[in-house]
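Here the structure is laid out as C-alpha cells; the discussion comes afterwards.
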Amino acid sequence: MAESQTSQLCSEHNGVDECQHAMICPCCGWVNPLPNLKSEQSASCGQCGYTLIQNHAQWPQRVLALSVACLCMFVASVSFSLIGFSAKGAVQTISLTDLVSVLFHQHYLALATIALLLLIILPLSFLIALSYLASSWVLQRRWPLTQSAAYWCSVVQPWLMVDVFVIALLVSLIKLHSLAAIELGYSFWAYCFFAVLFVKLLALFDHHLLWSYCSDVTGKCVTECANEHELSIKSCHLCGLSVEQDCGICPRCHQHFKPVQRSSLKSTLALLLAATLMYIPANYFPVMTTTFLGQAKESTIMGGVLLLWQMGSYPVALVILIASVFVPSAKILSLLWLCWQCRENDSCSVQMRQKLYLLTEFVGRWSMIDVFVVALLSALVQLGALMNVTPGPAVLPFASVVVLTMLAAKTFDPKLLWRTDLSKKEQVLE
Ligand SMILES: [Zn+2]
Ligand SMILES: [Zn+2]
C-alpha cells in the first residue's frame with residue numbers, strides 16, 4: 001500500500017496554473033483548488049490546515065467489506081446474551097434487544113427510546129444504507145434511492161455511539177463487580193469486535209467521497225485561492241459541493257443552502273441556554289436508585305463518581321468525572337466563548353479558536369456514557385427487594401444536555417470566526 005501523504009493546498013500567496021474543482025474548507029471558507037490526488041494521499045486546507053479529503057485506495061471495496069462485516073457482527077451482537085450476573089442464588093442475563101424491551105415494559109419509555117435509537121436503529125440503518133451504496137459502486141450499477149441512502153448516512157453519522165456504548169458496558173461491569181458475580185455472554189465479545197470494525201469503518205467514511213460516488217455533478221472550477229465570498233461561490237453544508245453564490249438548492253444533494261451569517265448564532269445561543277437550564281436538574285436530582293437487601297440508595301452523577309473512587313476504581317471514576325461532569329460544562333462554556341468571539345475577538349489566534357471548536361464537537365457524544373450505564377443497569381439488575389436498579393429523575397435532563405450541546409455545536413458555523421478575524425485585519429489596514 002502506498003504511504004500516506006498529506007499535501008497542503010495553495011496558501012494565500014500561491015495561485016494555480018489551470019482550472020481545478022474548488023473544494024471549500026468547511027471550517028474557514030477558504031477556496032482550495034483540488035488537484036487529482038494519488039492513492040492514500042490527502043489534501044488539507046491552505047489557510048487553516050484542516051484535512052479536506054483523503055483518497056483511499058479501493059475505497060468502495062473497503063467500505064463494502066467493512067460494512068458487511070459490521071452487519072454480520074451486529075447480528076451476532078443481538079442474537080445471544082450480552083451480560084449476566086448472579087447474586088445470592090439468583091441469576092439474570094440480558095441481550096441487547098432485552099435491554100430495550102425490559103425498559104419499555106417497566107414504562108421507562110424515554111430511556112427505552114434513546115436506547116432503541118442509539119443502539120439499534122441508527123447503527124443498523126447506517127450499515128444497511130452504506131452496504132447498499134458500496135454494493136452499487138463496486139458493481140458499477142446505478143440503483144434507485146442511492147441519493148436518499150447517502151443523505152441518511154450523512155445525517156446519521158454524528159449520532160453513532162457504538163464506541164461510547166462499549167465504554168458504558170465496561171463501566172457497568174465494574175459497578176456490578178462489587179455487588180455480584182458477572183458472566184460475559186457471546187454477544188459481549190461480538191459487540192466488542194463489532195465496535196472495533198465500526199470505528200475502522202467510520203475512519204474510512206468521507207462525505208466528499210460518498211457524494212462524489214453518488215452523483216456526476218461536480219463543483220465549480222477555480223484558478224485562484226481566496227475566501228468564498230471573494231470568488232462569489234459557496235459550499236453545501238451536507239455534501240460539500242461548491243456552487244455559485246446565488247444558488248438556492250444544491251444540485252447534488254438537493255438540500256437548501258444555509259447562509260453563513262451572525263443570526264445563526266441565535267440558534268446556537270438558544271440551544272446553549274436550554275442545555276444550561278437542563279444542567280441544573282441533571283446534577284441536582286439522583287441519576288439512579290440502587291436497592292440492595294431492601295435498602296434503597298439514591299446517587300447523583302457526582303455521587304456515583306465519589307462511590308467509584310471509594311471503591312478504588314480510580315480510572316473509571318476519572319472517566320465518568322471527565323465525560324459526565326467536566327465535558328458538558330466545558331462544552332457549554334467553550335461554545336458560549338466562541339459565540340462571543342464572533343463579535344469581539346481578542347488576542348487568541350483564530351487557529352486556536354478553531355481547534356477548540358473541533359475538540360468541542362468531537363468530545364460531545366462521549367457524555368452519553370452515564371445514560372447508557374443507567375439504561376444497562378436498570379434493565380439488568382431486576383431482582384426485586386434483593387437487588388434492584390431504577391433510573392432517577394436526572395437521566396432525561398442529562399441526556400437532553402448531551403443532545404442540546406451536540407446540536408449547539410452543529411448549528412455553530414466556524415467560518416464566522418474567520419470572518420471576524422478578517423474584518424478585524426481590514427479595520428487595522430484602514
Ligand atoms: Zn480551512
Ligand atoms: Zn449538497
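Data table
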read-out: Yes/no for Ala270 being open to solvent by 10 Å² or more (accessible area, probe 1.4 Å), over 30 Å from Gln382 (Cβ atoms) and either outside any strand (DSSP E or B) or away from ligand 1 (no atom under 16 Å from the Cβ) (or both); value: yes
read-out: Which listed residue, of Gln140, Gln147, is open to solvent by 10 Å² or more (accessible area, probe 1.4 Å), under 17 Å from Leu210 (Cβ atoms) and free of Cβ contacts under 8 Å to residues at least 60 places away in the same chain; value: Gln140
read-out: Residues of the range 159-218 that turn out to be without any contact (Cβ under 8 Å) to a residue 12 or more places away in the chain and within 26 Å of Thr290 (Cα to Cα), as a count; value: 1
read-out: Identity of the residue in the range 225-234, open to solvent by 20 Å² or more (accessible area, probe 1.4 Å) and within 16 Å of ligand 1 (Cβ to nearest atom), that ends up nearest to Pro26 (Cα to Cα); value: Lys234
read-out: Selection status of Ser79, surrounded by fewer than 18 Cβ atoms within 10 Å (Cβ to Cβ) and more than 20 Å from Leu210 (Cβ to Cβ); value: yes
read-out: Selected residue (criterion: nearest to ligand 2 (Cβ to nearest atom)) from residues of the range 15-27 that are at pLDDT 90 or above and in a loop (DSSP other than H, G, I, E, B); value: Pro26
read-out: Among residues of the range 117-129, those that are open to solvent by less than 50 Å² (accessible area, probe 1.4 Å) and either within 17 Å of the chain's Cα centre (by Cα) or basic (Lys, Arg) (or both), counted; value: 8
read-out: Pairs with Cβ under 7 Å, 6+ apart, first in the range 42-57 and in a strand (DSSP E or B), second open to solvent by 40 Å² or more (accessible area, probe 1.4 Å) and within 7 Å of ligand 1 (Cβ to nearest atom); value: Ser44/Tyr50
read-out: Selected residue [part of a loop (DSSP other than H, G, I, E, B) and among the hydroxyl-bearing types (Ser, Thr, Tyr)] from Ser86, Ser81, Ser135; value: Ser81
read-out: When residues of the range 235-252 are limited to those that are among the polar types (S, T, N, Q) and surrounded by 20 or more Cβ atoms within 10 Å (Cβ to Cβ), the one farthest from ligand 2 (Cβ to nearest atom); value: Ser242
read-out: Residues satisfying the stated conditions in the range 362-399, i.e. of a type outside the set (Lys, Arg) and farther than 20 Å from Gly303 by Cβ; value: Phe362, Val363, Gly364, Trp366, Ala379, Leu380, Gln382, Leu383, Gly384, Ala385, Leu386
read-out: Enumeration of residues in the range 176-192 that are open to solvent by 40 Å² or more (accessible area, probe 1.4 Å) and either over 24 Å from Ile83 (Cβ atoms) or in a helix (DSSP H, G or I) (or both); value: His177, Tyr186, Trp189
read-out: Residue check for Phe74: under 30 Å from Ser125 (Cα atoms) and surrounded by fewer than 18 Cβ atoms within 10 Å (Cβ to Cβ); value: no
read-out: Unmet requirement for Ser67, which otherwise passes all of (1) away from ligand 2 (no atom under 16 Å from the Cβ); (2) open to solvent by 30 Å² or more (accessible area, probe 1.4 Å); value: (2)
read-out: Per-region count, the range 284-330, residues under 30 Å from Gly384 (Cβ atoms) and either in contact with a Gly (Cβ under 8 Å, 6 or more places away or on another chain) or polar (S, T, N, Q) (or both); value: 15
read-out: Residue match in the range 350-360 (condition: open to solvent by 40 Å² or more (accessible area, probe 1.4 Å), within 19 Å of Ala274 (Cβ to Cβ), within 19 Å of the chain's Cα centre (by Cα) and at pLDDT below 95); value: no
read-out: Residue selected from the range 293-330 under the condition touching a helix residue (DSSP H, G or I) at 6+ places or on another chain (Cβ under 7 Å) and farther than 19 Å from Ala399 by Cα, by the criterion surrounded by the fewest Cβ atoms within 10 Å (Cβ to Cβ); value: Trp309
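The rows are residues; the columns are (1) touching a Phe, Trp or Tyr at 6+ places or on another chain (Cβ under 7 Å); (2) outside any helix (DSSP H, G or I); (3) modelled with pLDDT of 95 or more.
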site: Val156; (1), (2), (3): yes, no, yes
site: Ile174; (1), (2), (3): no, no, no
site: Phe194; (1), (2), (3): yes, no, yes
site: Leu202; (1), (2), (3): no, no, yes
site: Leu210; (1), (2), (3): no, no, no
site: Tyr213; (1), (2), (3): yes, no, no
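Quick grid of which residues meet (1) closer than 13 Å to Phe205 by Cα; (2) assigned by TED's automatic domain parsing to the domain that holds Ala195; (3) within 16 Å of ligand 1 (Cβ to nearest atom):
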| site | (1), (2), (3) |
| --- | --- |
| Ser44 | no, no, yes |
| Gly49 | no, no, yes |
| Ile53 | yes, no, yes |
| Leu64 | yes, yes, no |
| Cys72 | no, yes, no |
| Val78 | no, yes, no |
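The values are calculated or read from the model by the stated rules, or taken from the named source; none is laboratory data. This structure is a prediction, so every number in the text was calculated from the model and none was measured. Counting neighbours? That spans all protein chains shown, and the Cβs are built from the backbone with ideal geometry, glycine included. Accessible surface is based on the protein model in full, side chains and every heavy atom, while ligands, DNA and RNA are left aside. Shrake-Rupley method; radii C 1.70, N 1.55, O 1.52, S 1.80 Å.
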